[in-house]
Amino acid sequence: MMAEDSHASVPLLEVRDLRAGFQTDQGLLTAVDEVSFVLGAGKMLGLVGESGCGKSVTARALMRLLEQPAGRVLKGEVMLEGRDLLKLPLEAMRQVRGKEVAMIFQEPMTALNPVQRVGRQIMENLLLHEPLDKRGALRRAVELMEWVGIPAPEQRVNEYPHQLSGGMRQRVMIAMALSCGPKVLIADEPTTALDVTVQAQILDLIKRLQKETGMAVILITHDLGVVAETCDEVAVMYAGRIVERGPVEAIFKRPLHPYTKGLMACLPKMDHPPKTPLPVIPGMVPTLRDMPVGCRFAARCPNAHEESVTGWRQPWKECGGGHGVEACVCFAKEVETVGEIGHASEGNRIDEKPIGTDSSGASEPTRAHGGASEGTDSSAPDGEIRQSSRSEKGREE
């Protein structure tokens, strides 16, 4: 339902076939392989997956902040209100960063400058993008720190990052990101290394500010519980590719891809006896040098399949209601069943979309996924106070 709303109107952000990699001594290694998704204004997209699946690289590629000189955007489009950010001149892109698209980086202690006061760091973005003098920028920095729930902001504005708690530093990062009212906020694991209580406060804060400003949010996280509570849509990444995407309710109600099923199975259950071991997905995410061309989850997949599935990329299938999956032959029947249900209830037929130049294949879900493909394309551009109570945290979907 939410996915339909996103597609019915012109999307705020549309990413098409984004591919990014790094030039190394072993050659060009692809970290993000033809990632596509759409984000509407006021919506929150959860980007989930194991460490090393390409989530942060995807975010940095959108911002054109890949590590240089090795990082490269190799292919694709990042359309922000009709403009391709990957084709903007560097100076024009600098005007977009912070102003229209902002990012909360994963670890504030390393993202903040340790030798500058936090107030000065918030002011920097204001002075760059807003018609303010230093006094006006300082006043606005204090207002922002108060807005994000930092107590005694007039005092904290003159402190250094090491003088603040982890939750306070994360609030400073949020204040910096929202200082110029961006249309899109990318939050890269904003609760990393924070205790559970502070995590809840930070997530409440992001959700509240999103409602107040109407911005779109890309939330990168490992926590499926957070996704279920805060996001409208979810994209599951594995080994540089999005393997399943759709509305949160649809994904949690009926995950299709074996990897998505594996992630769901790893969640603790309330009805399990104490000390019940949690299931795990065997194996590891393949390294960038060992990515197969076809199904990248094949080596870890619990479903029966032929080894040939690693030889060609599996097709993308739309199952109705905005729910899509990279369908391997091992769970094809389930995908077809879901598609038929979607067709009967919504009038939507399964659309098979071969990805890139690879062939097709379909499969049946259980728990994990494996196999991937190397992209070798050309080159491209350069790359706390919960002010609200639990009731305010309620999802409005």
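Find out how many positive minus negative residues lie around GLU77, taking Lys and Arg as positive, Asp and Glu as negative, among other residues whose Cβ is under 12 Å from that of GLU77. Working shown, then result.
Values: positive: ARG16, ARG19, LYS75, ARG83, LYS87; negative: GLU14, ASP17, GLU34, ASP84.
Net of charged neighbours comes to +1.
May I ask which of LYS55/LYS269; LYS75/LYS261; LYS211/LYS253; LYS75/LYS253; LYS99/LYS134; LYS183/LYS207 have a Cα-Cα span longer than 23 Å here?
Beyond 23 Å: LYS55/LYS269; LYS75/LYS261; LYS211/LYS253; LYS75/LYS253.
With the contact rule set at Cα under 8 Å and sequence spacing of 6 or more, what percent relative contact order holds for region 221-294?
It comes to 22 percent, rounded to a whole number.
Find the centroid of the Cα atoms in region 192-231 and in region 232-308, then give the distance between the two in whole Å.
Their Cα centres are 22 Å away from one another.
Taking LYS317 as the anchor, which lysines have their alpha carbon closer than 16 Å to its alpha carbon, excluding any fewer than eight residues away along the same chain?
LYS333, LYS353
Which shape class applies to region 1-128: rounded if a/c is under 1.5, otherwise prolate when a/b exceeds b/c and oblate if not, where a ≥ b ≥ c are the square roots of the Cα gyration tensor eigenvalues?
Note, shape of region 1-128 comes out oblate.
Would region 73-150 count as rounded, prolate or oblate if I go by the C-alpha gyration tensor, calling it rounded below 1.5 in a/c and otherwise prolate when a/b exceeds b/c, oblate otherwise?
Judged from the Cα gyration tensor, region 73-150 comes out prolate (a/c at least 1.5, a/b above b/c).
Where a ≥ b ≥ c are the square roots of the eigenvalues of the C-alpha gyration tensor, would you call region 64-195 rounded, which needs a/c under 1.5, or, failing that, prolate if a/b is larger than b/c, or oblate?
Details: a/c = 2.12, a/b = 1.51, b/c = 1.40.
It comes out prolate by the Cα gyration axes.
Which value, in Å², gives the accessible area per residue of region 159-223 when a 1.4 Å probe is used on the protein heavy atoms? The partial results should precede the final answer.
Working: 1950 Å² over 65 residues.
Result: 30 Å² per residue.
The values are calculated or read from the model by the stated rules, or taken from the named source; none is laboratory data. Because the structure is predicted, anything quoted here is derived from the model rather than measured. Every residue, glycine among them, receives a Cβ derived from its backbone with ideal geometry; neighbour counts consider all protein chains shown. Side chains are part of the model used for accessible areas, which takes the heavy atoms of the whole protein and leaves out ligands, DNA and RNA. Shrake-Rupley method; radii C 1.70, N 1.55, O 1.52, S 1.80 Å.
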